[in-house]
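Down below is the structure, laid out as structure tokens.
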Amino acid sequence: MAVVEINNVFKTYHDTEVEVKAINGVTLSFEKGDFAVIVGPSGSGKTTLLNLIGGLDQPTGGEILIAGHRLSELRPSELIDFRMDHVGFVFQSYNLIPVLTAAENVGFIMNLQKWPKEKQITRTNELLSSVGLSDRHNSRPSQLSGGQQQRIAVARALATHPEFILADEPTANLDSKSAESLLEIMEKLNQEEGMTFIFSTHDIRVMKRAHRVITLEDGKIVSDETTKK
Amino acid sequence: MITSLAWKNVWRNKIRSLIVITAVTIGVFAGVFSLAAINSTVIQRIDAAVNEELSHIQVNNKNFRSSSDIQNIISDYPGVVAALKSTPWVTKVTGRIIIRGIASTAAKSVGVEITGVDVEKEKEIFTLSEKLIPGTGSYFETDTKFNTVFIGEKLAKELNIIRYIITPEAVVKLKDQGVPANIISKIETLQGQRFTSEKKFIKAYEKLLDAREIQKYEWKIREAAWSYREGSRIILSFLDVNNDQTGAAFRVSGIFRTNNDMFESLSLFVPIEELRQLTGMKEGTYHRVIAKLENNDLTNKVTPVIREKLKDVEVLNWKEIQPDLAMMADFMGQIYAIFMVIILAALAFGIVNTMLMAVLERTRELGMLMAIGMNRRKIFIMIMLESIFLSIVGGFAGMAVSELMIAITGKTGINLMKYSEGMEAIGYSAHLYPTIDAQFFITTTILIVLTGIISAVYPAHKALKLNPVEAIRGE
């Protein structure tokens, strides 16, 4: 069953007098349990496509359906709730809340969704354990390494059981050891929990682990290869 | 959670937040404390005027104020007293005889207002008896066959009753007060001389000391050299009921000191029986009836009630007798408002500036929060709360420091002796006891919180305008 369906989507930016077609007629779908990467040179439209899938941006043409929701029909306030309920985000520069502890960062979206306290604690402990950071419960982001921060970001993204996780260059700021460790965790979550991951990346290590590699150039898909399942 | 996140965000940049909070604290303290100091001058002046000079209500013969003829008495004194006593909130009533005359000593003559008072009743209404300078006698408590008079320090100086002498005791007093030995040795050269006026004494020590020494020690020197011989006499001359010149010698019963030079130099008090005997005024005749109310705030309420009862006489309250005081009391409200606007405007600009910086600094983070599902209402509330916390912490710290300083200086006083001559010439004390009422603190607290809320609107609105995609990119 398709978690994400992208039908002939366009995204055009009007930068002063120049028209930039960041996404140019992309049709694509992602199934539950996909571990897919979107690759392509800089400016090919990877991040724009990810933003469109995540409901952070609206296409100028075509439609995107996620878990049966047509994103173009949602009002801005509904889009925010939609993101909270259906999408997990992992950003290149971690983007944790610096004044909160690791556990508070993981529990942040659960808190926004008003989960019962007990349930929040249980889920937070479970996630910290699955990303191998049970012992850093009360550490602030500034007390963690880049790799550890990104693992907390993954745990935060997974917390409320979203439909899929969008990870924009998640390993770009990590050393190779931390990147491998993070990818192992993500792969494990994909295999054991069936979590769908959609990456945008330049990183060969991510591509090697991916089950599907989609190549974008000038806003168009030039290849879509399934490497393993 | 939003509240706790907002609170944590306030302390994210501790130095910046502390600087803003300190600025707010100093601003609030400076405003509130200055206001308390100004307020104290007005309150002290009003208290002094009401409790030492005027009381709340005065009833006179209708012609008395325009012509202080001894014949302008209150025709129905018992009726006036009964009407006043039956009026709610009137607590005490007494009558006075008031005549104009001349006070003389061998050295000088001065025009004065001689007030004949019922000593016991006056003590219940006025606090003048408590203003007696220690060592100058008493408030008519000396058992003597002579006529007695209670006079102000200023008048005593003008009549040369008070003199300035550097005695060995004065030197010891100066040492005790910490005056340096070199100053004392200069002043000691004046030993043995009697200065019959303050002016002569000032001239003498000004030749011995430099300007800085004078500025620092002159009050201590004057105080130490201040000398008064108990039982000094003055002659009072005035017209009797037949308009014949009369008068008598009066022994000074005591000397009072207030903060009003004008009052001190013009008013003197004698027991009413002595004045009645000398003027030939009949028993039961009075020029003025004084009424004291439960408190100052009742003045406007009670005056028309009394006026309605006493249509044949002139009824005046303290605000009408001294309109400058009434104006000052009313003006205080406007001064409060002006100060509050200044304090709150400074607070608002500080908060807006800090919060705008905080929003701009956290653009990426705010974008991330929007991306992961924190809606705009929650972001708005979070920024508002951060501003409110900053205002409240700074505002309350300012209020606490103000309250503490007002409590301390309210007891110890602020000494402005350097300006005492100028201030006392217009009736104000050179010793301020800052005070402010509780209502002001409550109003200020509410206004600080409101200012925090209003100041937060613009930065919070700015945060709402962020586009999550651009914000995450850090644009």
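The values are calculated or read from the model by the stated rules, or taken from the named source; none is laboratory data. Predicted model only: the values in this text are computed from it and were never measured. Cβ placement follows ideal geometry from the backbone for every residue including glycine, while neighbour counts extend to all protein chains displayed.
Selection of region B:224-271 for residues being closer than 29 Å to B:GLN191 by Cβ, out of contact with any Lys or Arg (no Cβ under 8 Å at 6 or more places or on another chain) and assigned to a helix (DSSP H, G or I) yields only B:ALA225.
Results for (1) acidic (Asp, Glu); (2) within 14 Å of another protein chain (Cβ to nearest Cβ); (3) within 17 Å of the chain's Cα centre (by Cα); (4) surrounded by 14 or more Cβ atoms within 10 Å (Cβ to Cβ), shown as yes or no for each residue.
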{"position": "A:LEU52", "(1), (2), (3), (4)": "no, yes, yes, yes"}
{"position": "A:GLY55", "(1), (2), (3), (4)": "no, yes, yes, yes"}
{"position": "A:ALA67", "(1), (2), (3), (4)": "no, no, yes, yes"}
{"position": "A:ASP81", "(1), (2), (3), (4)": "yes, yes, yes, yes"}
{"position": "A:PHE108", "(1), (2), (3), (4)": "no, yes, yes, yes"}
{"position": "A:GLU126", "(1), (2), (3), (4)": "yes, no, no, yes"}
{"position": "A:HIS137", "(1), (2), (3), (4)": "no, no, no, yes"}
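So which of B:ASN300, B:ASN317 ends up being away from chain A (no Cβ under 14 Å) and free of Cβ contacts under 8 Å to residues at least 60 places away in the same chain? Walk me through it before giving the result.
Working: B:ASN317 fails: free of Cβ contacts under 8 Å to residues at least 60 places away in the same chain.
Of the residues listed, the single one that is away from chain A (no Cβ under 14 Å) and free of Cβ contacts under 8 Å to residues at least 60 places away in the same chain is B:ASN300.
The sole residue among B:ILE98, B:ILE114 that is touching a helix residue (DSSP H, G or I) at 6+ places or on another chain (Cβ under 8 Å) and crowded, with 18+ Cβ neighbours inside 10 Å is B:ILE114.
Away from chain A (no Cβ under 14 Å), touching a residue at least 24 places away in the same chain (Cβ under 8 Å), aromatic (Phe, Trp, Tyr) and out of contact with any strand residue (DSSP E or B) (no Cβ under 7 Å at 6 or more places or on another chain) - does that describe any residue in region B:365-382? Lay out the reasoning, then the answer.
Going residue by residue through region B:365-382, those that are away from chain A (no Cβ under 14 Å) are none.
Checked against the condition, which is being away from chain A (no Cβ under 14 Å), touching a residue at least 24 places away in the same chain (Cβ under 8 Å), aromatic (Phe, Trp, Tyr) and out of contact with any strand residue (DSSP E or B) (no Cβ under 7 Å at 6 or more places or on another chain), region B:365-382 yields no hits at all.
Just need a number here: residues in region B:1-54 that are within 14 Å of chain A (Cβ to nearest Cβ) and touching a strand residue (DSSP E or B) at 6+ places or on another chain (Cβ under 7 Å). Here the count works out to 0.
B:THR91 meets each of the listed conditions (1) closer than 30 Å to B:GLN245 by Cβ; (2) in the same structural domain as B:PHE263 (by TED's automatic domain parsing); (3) modelled with pLDDT of 90 or more apart from (1).
Of all residues in region B:293-316, none are surrounded by 17 or more Cβ atoms within 10 Å (Cβ to Cβ) and of a type in the set (Lys, Arg). For region B:272-280, does any single residue satisfy the condition of being modelled with pLDDT of 90 or more and part of a loop (DSSP other than H, G, I, E, B)? Yes. A:SER145: away from chain B (no Cβ under 13 Å), closer than 24 Å to B:SER4 by Cβ and at pLDDT 90 or above, yes or no? Spelling it out, it is not the case that A:SER145 is away from chain B (no Cβ under 13 Å), closer than 24 Å to B:SER4 by Cβ and at pLDDT 90 or above. With respect to B:MET405, is the statement that it is of a type outside the set (Asp, Glu) and away from chain A (no Cβ under 14 Å) true? Judged against the criteria, B:MET405 is a match.
Inside region B:7-32, residues that are surrounded by fewer than 20 Cβ atoms within 10 Å (Cβ to Cβ) and not charged (D, E, K, R) make up a count of 10. In a residue-by-residue description of region B:339-349, the property of being farther than 30 Å from B:THR87 by Cβ and within 14 Å of chain A (Cβ to nearest Cβ) applies to no position.
Taking the residues in region B:402-416 that are in contact with a His (Cβ under 8 Å, 6 or more places away or on another chain) and among the hydrophobic types (A, V, I, L, M, F, W, C) as candidates, determine which candidate is modelled with the lowest pLDDT. Selected residue: B:LEU416. Residues considered: B:LEU390, B:LEU369. Of these, the only one that is outside any strand (DSSP E or B), at pLDDT 90 or above and either under 30 Å from A:SER77 (Cα atoms) or not aliphatic (A, V, I, L, M) (or both) is B:LEU369.
Inclusion of A:PHE89 among residues that are within 14 Å of chain B (Cβ to nearest Cβ), of a type in the set (Phe, Trp, Tyr) and touching a residue at least 12 places away in the same chain (Cβ under 8 Å) is warranted. In region B:199-206, the condition of being over 30 Å from the mean Cα position of the chain (by Cα), assigned to a helix (DSSP H, G or I) and among the basic types (Lys, Arg) is met by at least one residue.
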